[in-house]
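S.K.: Have a look at this one.
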Amino acid sequence: MIMVALLALLLGWATGHVLLFLFLATFGYLVWHLYNLSRLQRWLRQAELSSLPVSRGAWGTAFDGIYRLREGSLRRRKRLNRLLKRFYKLAAALPDATVMLGEHDIIEWYNKPAQKLLGLQPSADVGQYIGNLLRHPAFRAYLDENDSDEPIEIPSPEDESTILSVHLVSYGKNRRLLIARDITRLHRLEQMRRDFVADVSHELRTPLTVIAGYLESMADGADELPADWQRSIVLMEQQTCRMQHIVTDLLFLSRMENSVQPVGADEVDVSALLTAIREDALTLSGESRHAISLDADPDLLIKGNYEELRSVFSNLVFNAVQYTPAGGKIEIRWHRTDDHGARFEVKDHGQGIAAHHIPRLTERFYRIDVGRSREKGGTGLGLAIVKHVMNRYQGHLEIDSEVGKGSLFRCCFPAAVLVSRASRTLKAGS
Ligand code: ADP
């Protein structure tokens with residue numbers, strides 16, 4: 001620009017028309033800029049990267065820079081496109097139903113198995129709210145839950161006999177991936193296992209009752225039998241009694257597992273129930289003279305089934321008695337929590353449980369010391385029963401323990417199953 005201005009000044013001075021030459025130089029410079037600008041616009045409008053317009057000076061440098069930037073961005077775009085295509089191919093090839101959900105759980109994309117398992121129409125259901133297409137109440141509740149770590153099991157909307165395991169995974173801001181898998185075979189096997197255990201337990205009940213009856217009559221007249229026989233009869237009675245307990249516990253567990261009915265509607269007076277259980281625990285403790293304290297909120301009742309709740313509370317309290325040395329302290333508490341729920345807690349100062357055993361304690365027949373459990377008359381099913389009953393009440397069992405210090409078993413009940421005695425009296429009064 002300086003060179004052009006100097007040339008215009010020189011020519012203007014030589015011809016005596018300085019202003020005219022300066023004007024012509026500025027006009028020419030402006031035209032050159034406009035020309036280069038329009039070339040740049042035309043070039044940018046092309047989708048493909050064509051050869052660079054040739055130019056000198058400032059425009060040459062600008063063209064060079066812009067070309068390099070565009071070249072880089074086009075290369076990145078192509079790479080991303082390739083990656084996206086590969087991802088779609090991979091997701092389409094997955095054997096499980098996969099649905100991409102955008103904001104407000106609107107369907108953005110799904111693969112072929114999703115059409116078959118979830119009954120989605122080929123591409124027509126994109127843009128729909130998933131809750132309008134999968135209407136099972138358990139799925140709607142799961143969808144609203146937001147933070148769901150565990151999958152749920154629901155029947156397929158296409159075929160009621162197909163059971164699906166549905167899992168929602170969050171993967172971005174307000175985005176979720178729905179993965180559904182056909183678990184009908186697994187479900188049938190699980191049902192067969194439950195039925196088998198229930199049937200065997202049921203079949204064993206009658207012969208055991210007969211054997212126990214005969215043993216009782218034999219024990220009544222045992223004075224006339226030789227000492228060896230007397231001992232054998234006592235041992236046989238003990239083992240029969242143990243087997244009867246196992247069968248009763250197995251049948252109770254099967255009922256819990258197979259029951260689709262909601263929990264009962266009794267209003268269980270937990271405080272009174274715990275007072276009775278404490279008395280039984282003191283009897284069980286006998287000579288061991290454990291110090292068993294009870295602190296229960298008398299206002300707090302549970303809407304449910306008396307037998308199920310008695311089984312939960314007594315299993316935990318009797319375990320504390322059995323696994324705490326003589327004279328040890330056992331604390332039982334029943335109280336409200338800040339989240340409007342309630343907790344039943346049993347704290348003992350017994351032998352405690354090593355951390356690696358804790359996750360497995362609620363498995364059937366899992367015992368830390370099998371010999372000791374048998375000697376105490378345990379069936380190894382108590383905590384499995386507690387876990388199943390708690391699931392039925394939408395609650396859960398928590399276990400804190402330290403070897404040598406003792407254990408704390410905590411049953412957390414949600415507000416939905418609780419009733420306040422005071423509010424019930426108020427309602428009755430009004
Ligand atoms: P069991 O009939 O053997 O007591 P449970 O299912 O009630 O069966 O308990 C499983 C195992 O957990 C027990 O065998 C015992 O090893 C352990 N356990 C349960 N409660 C306690 C406790 N309060 N302190 C120490 N160990 C316990």
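The values are calculated or read from the model by the stated rules, or taken from the named source; none is laboratory data. All figures in this text were calculated on a predicted structure; none of them were measured in a lab. Cβ sites come from the backbone with ideal geometry, for glycine too, and all protein chains shown count toward neighbours. Ligands, DNA and RNA are excluded from the accessible area calculation, which covers all protein heavy atoms including side chains. Shrake-Rupley method; radii C 1.70, N 1.55, O 1.52, S 1.80 Å.
S.K.: Over all Cα pairs of the range 211-287, how is the pair count split among 5 Å bins, expressed in % and running from 0 up to the last occupied bin?
M.R.: In order of increasing distance, the bins hold 3, 12, 11, 11, 15, 17, 12, 9, 6, 3, 2 percent.
S.K.: Let me ask something else about it. Roughly how many Å is it from the Cα centre of the range 145-170 to that of the range 383-414, as a whole number?
M.R.: 26
S.K.: Now a separate question. Anything in the chain that counts as a DSSP H helix reaching 30 Å or more along its axis (C-alpha) with Kyte-Doolittle mean of at least 1.6? List them, would you?
M.R.: none
S.K.: Once you have all Cα-Cα distances for the range 94-182, histogram them in 10 Å bins from zero and send the whole-percent values.
M.R.: 18, 59, 23, 0
S.K.: Take the chain, connect every pair of alpha-carbon atoms lying under 10 Å apart with a spring to form a Gaussian network, then pick out the residue of Ser165, Ser217, Ser38 with the largest mean-square fluctuation.
M.R.: Ser38
S.K.: For the chain, what does -39500 (n - 2.57) per DSSP helix run (n ≥ 4), summed and divided by total residues, give at 222 nm, in deg cm²/dmol to the nearest 500?
M.R.: The helix-only estimate for the chain comes to -18000 deg cm²/dmol at 222 nm.
S.K.: Suppose the Debye formula is applied to equal point scatterers at every Cα of the range 266-423; what is log10 I(q)/I(0) at q = 0.11 Å⁻¹?
M.R.: Result of the Debye calculation: -0.41.
S.K.: Where is the GNM fluctuation largest for the chain (alpha-carbon springs, 10 angstrom cutoff): Arg77, Arg310, Arg360?
M.R.: Evaluated over the chain, the most mobile residue of the options is Arg77.
S.K.: Rounded to the nearest percent, how much of the accessible area of the chain (1.4 Å probe, protein heavy atoms only) is carbon and sulfur?
M.R.: Details: 15290 of 26720 Å².
Carbon and sulfur: 57 percent of the exposed surface of the chain.
S.K.: Expressed in nm to one decimal, what extension gain is obtained for the pair Leu7 and Leu83 from 0.36 nm per residue of sequence separation less their Cα-Cα distance?
M.R.: Here the segment from Leu7 to Leu83 would lengthen by 21.7 nm.
S.K.: Which residue, Asn132, Asn305, Asn111, has the most motion in a Gaussian network model of the chain that connects Cα atoms within less than 10 Å?
M.R.: Its mean-square fluctuation being the largest, the pick is Asn132.
S.K.: Over the range 287-365, consider all pairs of different Cα atoms and compute the Kirkwood hydrodynamic radius from their mean reciprocal separation; express it in Å, one decimal.
M.R.: Values: mean 1/r = 0.0699 Å⁻¹.
After inverting the pairwise mean of 1/r, the radius is 14.3 Å.
S.K.: Over every pair of different alpha-carbon atoms in the chain, take the mean of 1/r and invert it; report that Kirkwood radius in Å.
M.R.: It is 29.4 Å.
S.K.: OK, next. If you average the alpha carbon positions of the range 65-92 and of the range 184-249, how far apart do those two centres end up, in angstrom?
M.R.: About 71 Å separates the Cα centre of the range 65-92 from the one of the range 184-249.
S.K.: Taking the Cα centre of the chain as the origin and placing charges on Cβ (Lys, Arg +1; Asp, Glu -1), which of Ala342, Gly102, Ser201 is farthest toward the positive end of the dipole?
M.R.: Of Ala342, Gly102, Ser201, it is Gly102.
S.K.: Continuing with the same structure: Given the whole protein assembly as supplied and a 1.4 Å probe, what does the accessible area of Met218 come to in Å², nearest 10?
M.R.: In the full protein context, Met218 sits at about 80 Å².
S.K.: On the full set of protein chains, 1.4 Å probe, figure out the accessible area of Lys347 and give it in Å² to the nearest 10.
M.R.: Spelled out: Lys347, probe radius 1.4 Å, area about 90 Å².
S.K.: Also, I was wondering about something else. Order Met3, Met192, Met256 by their accessible area, 1.4 angstrom probe, all chains in place, largest first.
M.R.: The ranking, largest first, comes out as Met3, Met192, Met256.
S.K.: Rounded to the nearest 10 Å², what accessible area does Val200 show when all protein chains are kept and the probe is 1.4 Å?
M.R.: 60
S.K.: Next up: Shape call for the range 233-357 from the C-alpha gyration tensor, a ≥ b ≥ c root eigenvalues: rounded (a/c under 1.5), prolate (a/b greater than b/c) or oblate?
M.R.: oblate
S.K.: A further question on this structure: Could you size up the charge dipole of the chain around its Cα centre, putting +1 on the beta carbon of Lys and Arg and -1 on that of Asp and Glu, and report it in debye to the nearest 20?
M.R.: Numbers: 53 positive and 52 negative charges, 753 e Å.
Using only the charged Cβ atoms, the result is roughly 3620 debye.
S.K.: Same structure, new question: Where the Cα atoms of the range 2-87 are projected onto their three principal axes, how long is each span, largest first, in whole Å?
M.R.: Here the Cα extents, ordered largest to smallest, are 73, 17, 15 Å.
S.K.: Now for a different question. Over all pairs of distinct alpha carbons, what does the Kirkwood formula give as the hydrodynamic radius of the range 1-155, in Å?
M.R.: For the range 1-155, inverting the mean 1/r across all distinct Cα pairs yields 21.9 Å.
S.K.: Also, quick follow-up: Arrange the residues Tyr67, Tyr393 by how much accessible surface each exposes, largest first, with a 1.4 angstrom probe.
M.R.: Tyr67, Tyr393
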